[in-house]
Amino acid sequence: MPEKLSFNEMYRLCDPDIFSFNTTEDLPDVRETIGQDRAMHAIDFGLSLNNIGYNIFVLGEYGTGKMTTVKSFLSQKALKEPVPPDWCYVYNFKDPDVPMAISLDPGMALTFQKDMQEILKILKVEIPKVFESKEYEKQKNKIIEESQKKQREIFAALEEEARQKGFSVRKTISGLVIVPLKKTGEPLTEEGYELIDEKTRGKIDEMGRILQEKLTDIVRLVRENEKEVKEALKKLEKEAALSAIGHLIYELKNKYMKYEKIPIYLEDVKEDILEHLDDFKVQEEQPPQLPLMKLPRTEPTFTRYEVNVLVNNRDQSGAPCVFESNPTYYNLFGRIEHRIQYGIALTDFSMIKEGSLHKANGGYIVINALDLLRNLFAYDALKRAVRNQELKIEDVWEQYRLISTTTLKPEPIPLNIKVILVGTLYLYYLLYILDEDYRELFKVKADFDNRIDRTDHNIQKYASFISVICKEEKLLPFDRKGVSRIVEVGSRLAENQNKLSLKFSDIADIIRESSYWASKSGSSIVSSEHVQKAIDEKVYRSNRIEERLREMILDGTIIVDTSGEKVGQVNGLAVIDLGDYTFGKPSRITARTYAGKAGVVNIERETKMSGRIHEKAILIITNYLGSRYAAKKPISLSASITFEQLYEMVEGDSASCAEFYALLSSIAGVSLKQNIAVTGSMDQSGTVQPVGGINEKIEGFFDLCKLNGLDGSHGVIIPKSNVKNLMLKKEVVEAVREGKFSIYPIQKVDEGLEIMTGMKVGEPGEDGTYPESTVNYLVVKRLTEITEAMEKKKEKEEEGEEEKKREQKEEEKEQEKNK
């Protein structure tokens, strides 16, 4: 029989004397990443390699400090890198639907914007002045007067010629016409025209036609002259305006000469201003077309001369680091906004808004992978941008509209960025397996560990972490005992005496809560009792369901025996994980055997309440039985195993030892102790394998036994390979120290069977038989009885079949004779 565990094997204490400080207030403020050398090496590699596709996926369990570590690392690295250029959008005069993107040195985009605002402000004042100047009016009047003089001379010559030939040029509603005159100089009327002889009328008509043709030619010349005047006036306006804007545009061109696109853009601005000089002139208020219907005055817009600064890195130190907490498509890639005017949605290049990728361009962006995948279009668009190395601002819903609408297509911006996705192990491999693009674009895996070795060096780092948290959040300092208790909590979370948990979010919560309870008790320093208080209070807030289940066991609603002995029944141990709280729950496992050939029947499997791992465990038990008891001759057996009063799925193999014991007990008719619970997995050779949740399982059975009254006979059988995982609560350790509770570590299933039955298991002799008064002897005896009974039954069935055949043959002979 295996020896019981001693109390000091169930919990590894942390000696406070390994610390040289009195409180964590004495420790220096050292901020470092603990236990993530592999992940840090991967992150440094990914950030340093500038080739396409070497973006990073940071994976690990929740609470291991992934995001905090990435932020700290990036902030330090980015400071040493150059500041990326500014970006702005300007109006594209050649193609207004495609705003032009311009790159400038850091801080220069805002300067360029202010320069354009200033030049526009100057032109709004100077251009009207030019048109109001005496010199401009003089030249304008000169052009108009010369034109008018020329027109008067042309008409005067025509009128003189017409007068000499008895005609006159008159104005009518339809325009200028040639009218014949009487000798008195009065216009010839229709009646007078009818009285004239036909020959004279012919002469008048011919001469009128000739003069009308000349008049038509003159009108054409006048119109051409008016067109020339307009062109001359327009040229005069441009020359006058150019005197006001030419030197301003020239100065800006020189200032931004090194930027290829800006001089071209400024030339386009100049030409557009000269084409739209009326916008700069003083606008006279027009009278309303309808009385009492005064419409709002339409002011000219100068938006096309503005500069839309998309990215301003004037105050940036080093490369940008952006942490996008809500990675929607528009938050990442920017948007084109609209304004509603008279029920119509209008937009222009000044309404283009940047996204976080624009801000991070030339640097780094960190995104939570799950949040990215939750947002429609965001993931695919991000891959496309990284692969093509360009950033487009698009209306993502355009392709889904029933009616196509006109919208802007801003010029793409070159993208130079390192993307860091943060997520879980499951998400990483899900994307890696299902998405080929992902493999090409995220080639660096930074895997965060969830635990480290419990060495003195790492324990000192734990103390430094506690110190940093206390100073950052202004918590009470911890003394050496308080720090030691936190270290022990770290081992409990890691479920290993030789490891420490790296789930610092959980550790930080305990630190905060311990400080709270210390301050509430009036202490200025957090010690071990305050840490224990925080743990107990956290359990109390979360264990309502555990207590209700325990009450149901105590009042007999759920039947679990903790005393006496029973055949074919054993107490197994399960773990219930509620997410925020995990606890152990004893479960009654029973087995029944009878003559038959069905083998071992898993009732949970038959009712579809068994998982694959549990089904595998039952098959292992069946095969182990066969290898031990049917090595030389076959056996016949029907048996059933089930978890009593279990109404949810059964999964896992940690109850396979308990199920094996219940099955052998039922076969042999040997009673099993109900004051001892069993947990452990077994293989086909009978070796006991480790299981998870060992601390919660032991504590769950201990709490139940304590309520029923500990008498020193209670205990738990566990795999010996799980001893290193024990970090039991103080109450259990004290009960073991006082001899009220026992823990039995086993390596073979037979060791546990001896504990549960109080009998020797028995080893086979030379003839293959087992000694009497052993478990195996009783098992073989019972199996032999069942097999013999089945053989006798089979013989009787065969004799019955032979008798039936003989009777049938005799009947056939009688029928033949009768024929």
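The values are calculated or read from the model by the stated rules, or taken from the named source; none is laboratory data. Bear in mind that the values here come from a model prediction, so they are computed numbers and not experimental data. We place every Cβ from the backbone using ideal geometry, glycine too, and count neighbours over all the protein chains shown. Ligands, DNA and RNA are excluded from the accessible area calculation, which covers all protein heavy atoms including side chains. Shrake-Rupley method; radii C 1.70, N 1.55, O 1.52, S 1.80 Å.
List of remarks:
- Note on the chain: antiparallel DSSP beta bridges, both residues inside, total approximately 60 percent of the bridges counted.
- Amide H contacts of LYS748 (H built 1.01 Å from N, under 5 Å, at least 5 apart or other chain): VAL688
- Alpha-carbon centroids, the range 453-503 and the range 752-819: separation in whole Å: 65
- The range 247-281 versus the range 378-392: alpha-carbon centroid distance in Å: 34
- Listed by chain and number, the aspartates and glutamates whose alpha-carbon sits under 14 Å from that of LYS730, ignoring those within fewer than 8 places in the same chain, are GLU9, GLU488, GLU529, ASP536, GLU696, GLU699, ASP703, GLU738.
- For ALA574, distant residues with modelled amide H under 5 Å away: LYS585, SER587
- With a Cα cut-off of under 23 Å and a minimum spacing of 8 residues unless on different chains, the lysine pairs in the range 496-623 number 12.
- Full-extension gain in nm, LYS608 to ARG737, via 0.36 nm per residue minus C-alpha separation: 42.1 nm
- 13 Å beta-carbon shell around GLU159, net charge (K/R +1, D/E -1): +3
- Length available on full extension from LEU176 to TYR581: 0.36 nm per residue minus the Cα-Cα distance, which gives 135.5 nm.
- Prolate/oblate/rounded call for the chain, Cα gyration tensor, a/c under 1.5 rounded: prolate
- Computed over protein heavy atoms with a 1.4 angstrom probe, the accessible surface ordering of LEU578, LEU434, LEU672, largest first, is LEU434, LEU578, LEU672.
- Sorting ARG223, ARG335, ARG163, ARG387 by solvent-accessible area of protein heavy atoms yields ARG223, ARG163, ARG387, ARG335, largest first, with a 1.4 Å probe.
- Within the shell of other residues whose beta carbon sits under 15 angstrom from the beta carbon of ILE525, the net charge comes to +3, with Lys and Arg scored +1 and Asp and Glu -1.
- Extension gain, ASN22 back to THR424 (0.36 nm per residue minus Cα-Cα distance, nm): 140.8 nm
- For the set LYS134/LYS171; LYS359/LYS461; LYS481/LYS720; LYS71/LYS383, the pairs lying more than 24 angstrom apart at their alpha carbons are LYS134/LYS171; LYS359/LYS461; LYS481/LYS720.
- Fraction of beta bridges assigned by DSSP in the range 603-753 that are antiparallel (%, nearest 5): 25
- Inter-label distance, nm, simple model (7 Å from Cα along the C-beta direction), GLN815/SER685: 6.3
- In Å², nearest 10: area of THR784 left accessible to a 1.4 Å probe: 40
- For the chain, the relative contact order is 16 percent, taking Cα pairs closer than 8 Å that sit 6 or more residues apart in sequence and dividing their mean separation by the residue count.
- Taking the range 750-819 and dividing mean pair separation by its residue count, relative contact order in percent (alpha carbons under 8 Å, at least six apart): 15
- Accessible area, probe 1.4 Å, largest first, for residues VAL575, VAL322: VAL575, VAL322
- Once the C-beta distance of SER75 and VAL30 is scaled by a Förster radius of 25 Å, the resulting FRET efficiency is 0.90 to the nearest 0.05.
- Accessible area of ASP479 (1.4 Å probe, protein heavy atoms only, ligands and nucleic acids ignored): about 30 Å².
- In order along the range 16-26, phi translates into HN-Hα couplings of x, 6, 6, 8, 9, 9, 8, 9, 5, 5, 7 Hz, rounded to whole numbers, per the Karplus curve 6.51 cos²θ - 1.76 cosθ + 1.60 with θ = phi - 60° and x for Gly and Pro.
- Rounded percent of accessible protein surface that carbon and sulfur make up, the chain, 1.4 Å probe: 50
- LYS253 sits among other residues whose Cβ lies under 13 Å from its own Cβ, and their net charge, with Lys and Arg +1 and Asp and Glu -1, is -1.
- Probe 1.4 Å, protein heavy atoms only - accessible area per residue of the chain in square angstrom: 55
- Rounded to 5, the percent of DSSP beta bridges in the range 340-439 classed as antiparallel: 45
- Set of aspartates and glutamates near LYS121 by C-alpha distance (under 15 Å), chain-local residues within fewer than 8 positions excluded: ASP279, GLU306
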